[in-house]
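The values are calculated or read from the model by the stated rules, or taken from the named source; none is laboratory data. Predicted, not measured: the structure shown is a model, and the values here were computed from it. Don't worry about glycine lacking a Cβ; one is built from the backbone with ideal geometry, like all the others, and counts go over all protein chains shown. Areas reflect the complete protein model, heavy atoms only, side chains present, ligands, DNA and RNA absent. Shrake-Rupley method; radii C 1.70, N 1.55, O 1.52, S 1.80 Å.
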Amino acid sequence: MKETGQQIRCGKCVLPHDFPNISFDKNGICNYCLEWDKKWQNFDYDKAEAELTRIVNWAKAKKRKYDCLIPYSGGRDSSYVLYLCKRKYNLNPLAVTFNNLFMSEYAIRNIFNTVSKLDVDHVFLTYQPEIVRKFYKTMVRDGGEFCSVCTSGINYATSKYQKQFNIPLVISGTSTRVDEQSPFEITCTHPVYLRRVLLQNGFSLETINSFLIKRSDEISALEKIKMKLSDSDYIRINLPDFVIWNNLEIQNVLERELDWDTPDKQKDHIDCKFAPVKNFLKNKQIPNFIFKQEKFSQLIRDGQMTREEAVEMLNSLSNSEEEPPAELDEFLNFLELEKKDIENKEKKSHLNYVTKEDLVVKESLAFRLLSVPWQLYKRFGMKIK
Ligand SMILES: [Zn+2]
C-alpha cells in the first residue's frame, strides 16, 4: 500500500483502503487487482476469437432479418462495436438508441453520421418523455443517482426490438476488462431497486412495469425454457470480452474510418451531457470518494495508464470535484429540482432500498424442479449440437 494525499491506496492500482470489500496481500496489492490478473493477464484471445466466430456463425445461420442488435449510445465503445460487426464480422445489425433525454450533441451527430457511413438500419426510441423525466427526478431525490433510469431505458429499447424482430444476438460495448466494475455497495441500477423507489413515490405498478424490463437473472427457469422451445431465446455478449479493446487505437480507427468527432480523446462517456453530474452526485454520496478511481484502476491494470498519471489526476480531481460541475444548473432546471434536493444530508443511496440478497432470484420449489431438465440440457444438450 502507498500513501497518496490523505488516502492509503493499493500499491498497483489506486483503490483506497476503505473501498468496499477490499483486502491486501503482503505486498500491498488489492484483491481487485489480483482477481483482474487471474482473469486477464494470460487471457487467450485466439480462443476467445474462435468462440466469437462460433457465436457469429450461429447468429447468421438463423437467417433472421437482423443477425444482431446493438444498443447504440453514440459513445466510443458502441460505435466501435457497430463498426466491427458490420465491417469485420459481416453481420447485419440493427442499431438501437434509447433517447435518455440527456444525449450530447456529439453523440447525436456521431450516431447519424456513423449509421449512414456504415449503412445500417437504426431506430431511435423516445419513451414518454414526461414520465421518464419524473423517474429521473424521483431517483435523484431519493436514490442520489439517475443512471438507473437510463440503464432501464436501454434495456427497454433493446428488449422491445429484440422481440419484435426475433434477433438472436445482442452485442454491447461494455468491457469487464477496462470499464469500472463497481461493487453493489457503490452502484446499483437493478430494476428491483428502481421499482421500490418508484412505488414508494406513488407511481402505479402499471406505469413502472410498462418501462422496467426484467433482467436475464430475474427471468424464471420456466420462461427461459419457453423461449428456448419457441426459438425466441437470444445470446447477449460484450464484444470487448472477446477482442483487444484499446481506447486510443479505437479512437484512431473511428476518426480515420468514420470521421468521428470528439471533444476530448481522453474523456469517457461523451455520449451523456450530464456524466459530470453523475460523478459529482456519487462523490457526494460516499465520503472521500472519487468515482473516477475505479476506471483509472482498470486502465492501470490493463497497461493503458500509469499509476503516477492516475494519482496526479486523482489529486487534481479531489480538489475540483468538490465544486459543482458547469452542467449542474441545467440538470436541476430540466428535472425541476432544487439545490437542497441533492444536498444528500440524509445519505440518500440505493442501500436504503435494497440489499445484495434482495437481488438474488428466489425461485419457488416448482420452478427449481422444472429447471433441472433445463440445466441438464444446457450442460449436455448444447455440446451435442
Ligand atoms: Zn489494486
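Applying the Karplus relation 6.51 cos²θ - 1.76 cosθ + 1.60 with θ = phi - 60° to the stretch 62-78 yields 3J(HN,Hα) values of 5, 6, 8, 4, 10, 6, 8, 10, 10, x, 10, 8, x, x, 4, 5, 5 Hz, where x marks Gly and Pro. In the chain, with Lys and Arg counted as +1 and Asp and Glu as -1 at Cβ, which of these residues, Leu317, Leu337, Ser230, has the Cα nearest the positive end of the dipole, that is, farthest along it? Farthest along the dipole direction, towards plus: Ser230. Averaged over its residues, the stretch 216-303 has an accessible area of 46 Å² per residue, based on protein heavy atoms and a 1.4 Å probe. Here the convex hull built on the C-alpha positions of the stretch 1-132 has a volume of 195 cubic angstrom per residue.
Setting aside same-chain residues fewer than 8 positions from Lys63, which aspartates and glutamates have a Cα under 18 Å from its Cα? Leaving aside aspartates and glutamates fewer than 8 places away in the same chain, those within reach of Lys63 are Asp121, Asp231, Asp233. Couplings 3J(HN,Hα) for the stretch 348-355, derived from phi with the Karplus relation 6.51 cos²θ - 1.76 cosθ + 1.60 (θ = phi - 60°), are 5, 6, 4, 5, 6, 10, 9, 10 Hz, where x marks Gly and Pro. Among beta bridges identified by DSSP and lying wholly in the chain, the antiparallel ones come to about 30 percent. Summing Cβ point charges (Lys, Arg +1; Asp, Glu -1) relative to the Cα centre of the stretch 58-175 gives a dipole of roughly 420 debye.
Among the trypsin sites (Lys or Arg not before Pro) in the stretch 223-316, those placed in a DSSP loop whose Cβ has at most 13 other Cβ atoms within 10 Å are Lys265, Lys267. Scalar couplings 3J(HN,Hα) for the stretch 25-42, obtained by applying the Karplus form with A = 6.51, B = -1.76, C = 1.60 to θ = phi - 60°, are 7, 5, 8, x, 9, 7, 5, 5, 5, 5, 4, 4, 4, 4, 7, 10, 4, 10 Hz; x denotes Gly and Pro. Where does the chain land on the Kirkwood hydrodynamic radius, alpha-carbon pairs, in angstrom? Mean inverse Cα-Cα distance, inverted, gives 22.6 Å. The loop-placed GluC sites (Glu not before Pro) in the stretch 177-252, going by DSSP, include none that has at most 12 neighbouring Cβ atoms within 10 Å of its Cβ. Over 24 Å apart at the Cα level, from the set Lys134/Lys340; Lys284/Lys340; Lys292/Lys347; Lys137/Lys339; Lys137/Lys282; Lys39/Lys117, are Lys39/Lys117. Take the Cα coordinates of the stretch 30-108, assign each an equal point scatterer, and use the Debye formula without solvent to give log10 I(q)/I(0) at q = 0.13 Å⁻¹. Rounded to two decimals, the profile gives -0.61.
Between amide H atoms placed 1.01 Å from N, distances below 5 Å from Lys12 occur with Cys30, all of them 5 or more places distant or on a separate chain.
Of the three principal axes defined by the Cα atoms of the stretch 98-147, the extents in descending order read 42, 19, 13 Å. Only Lys, Arg, Asp and Glu carry charge here, each on its Cβ (+1 for the first two, -1 for the last two); on that basis the chain has a dipole of about 1760 debye about its Cα centre. Using the rule -39500 (n - 2.57) for each DSSP H run of four or more residues, divided by the residues of the chain, the 222 nm mean residue ellipticity is -13500 deg cm²/dmol.
Shown for the chain: the carbon plus sulfur share of the solvent-accessible area, taken with all protein chains present and a 1.4 angstrom probe, equals 52%. Lys-Lys pairs in the stretch 186-280 that are eight or more residues apart or on separate chains and whose Cα atoms lie under 28 Å of each other come to 8.
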